[in-house]
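Values in this text are rule-based calculations from the coordinates and carry no lab data. The model shown is predicted, which means the values in this text are computed figures rather than measured ones. Please note: Cβ atoms are built from the backbone with ideal geometry, for glycine as well, and neighbour counts cover all protein chains shown.
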Amino acid sequence: MSLEQFFILLEDMFFSFIASFGFGSISNPPFKALLCAGALGAFGHSFRYFLMNMLGVHVVPASFLSALCAGFLAFFIAKKMHTLIEVFTFPAVLPMVPGVPAYNTMISLVKFLNAGFESGHQYLEQVFYNGFLALFVLSALVLGILFPHLMFSKKCWQFPRKS
């Protein structure tokens with residue numbers, strides 16, 4: 001990794017921290033928890049950035065792996081700080097939400113609706129590509145956060161008892 005790539009990664013971490021910190025402040029957690037949520041968001045997004053840009057991993061598995069790591073870390077931090085896990089997980093994945101593909105889906109949809117018969121198919125392809133990309137990234141984020149919760153939560157492993 002070159003020095004320029006390292007500074008780009010630090011810049012990515014900084015802006016991800018700001019976004020996670022700001023979103024985490026909505027639920028009014030303690031300040032230490034808010035700092036941890038911001039750090040977790042910075043770690044998650046920079047890890048995804050590293051996987052995508054330095055190792056060449058596609059955005060969907062990179063999002064899943066970074067959400068999985070953030071989910072495991074959030075579970076242990078929440079247990080240590082005696083705070084709800086949602087205080088950490090939701091702000092941690094916020095910087096990874098696929099806003100650009102969702103935006104491109106809407107733009108392509110509007111262009112498709114206004115296009116003629118000749119050029120409409122190319123916009124329809126863009127609608128499906130961007131729409132499915134946004135859907136799969138969101139699904140990867142949800143599954144990445146869900147797995148640690150399902151693995152370590154005691155309530156998930158208890159069977160309902162008949163009385």
Residues in segment 44-58, backbone N under 18 Å from the label point at Leu3 (7 Å along the Cα-to-beta-carbon vector): list them, ranges by number please. none
Per-residue [θ]222 nm for the chain (sum of -39500 (n - 2.57) over DSSP H runs n ≥ 4, rounded to 500): -26000 deg cm²/dmol
Is the C-alpha gyration tensor of segment 16-95 telling us rounded, prolate or oblate? Criteria: a/c under 1.5 is rounded; beyond that, a/b larger than b/c is prolate, otherwise oblate. prolate
Choice from Ser25, Ser46, Ser119 showing the highest fluctuation, given a GNM over the chain with Cα pairs closer than 10 Å: Ser119
Which is the longest part of the chain that has none of the trypsin sites (Lys or Arg not before Pro) sitting in a DSSP loop with at most 10 other Cβ atoms within 10 Å? 1-160
Separation of alpha-carbon centers, segment 1-47 and segment 80-114, rounded to whole Å: 16
Taking θ = phi - 60°, what integer Hz values does the Karplus form 6.51 cos²θ - 1.76 cosθ + 1.60 yield along segment 128-140, in sequence order, with x for Gly and Pro? 5, 4, 5, x, 5, 4, 4, 5, 6, 5, 4, 5, 5
Note the count of lysine pairs whose C-alpha atoms are less than 24 angstrom apart in the chain, limited to pairs 8 or more residues apart or on different chains. 7
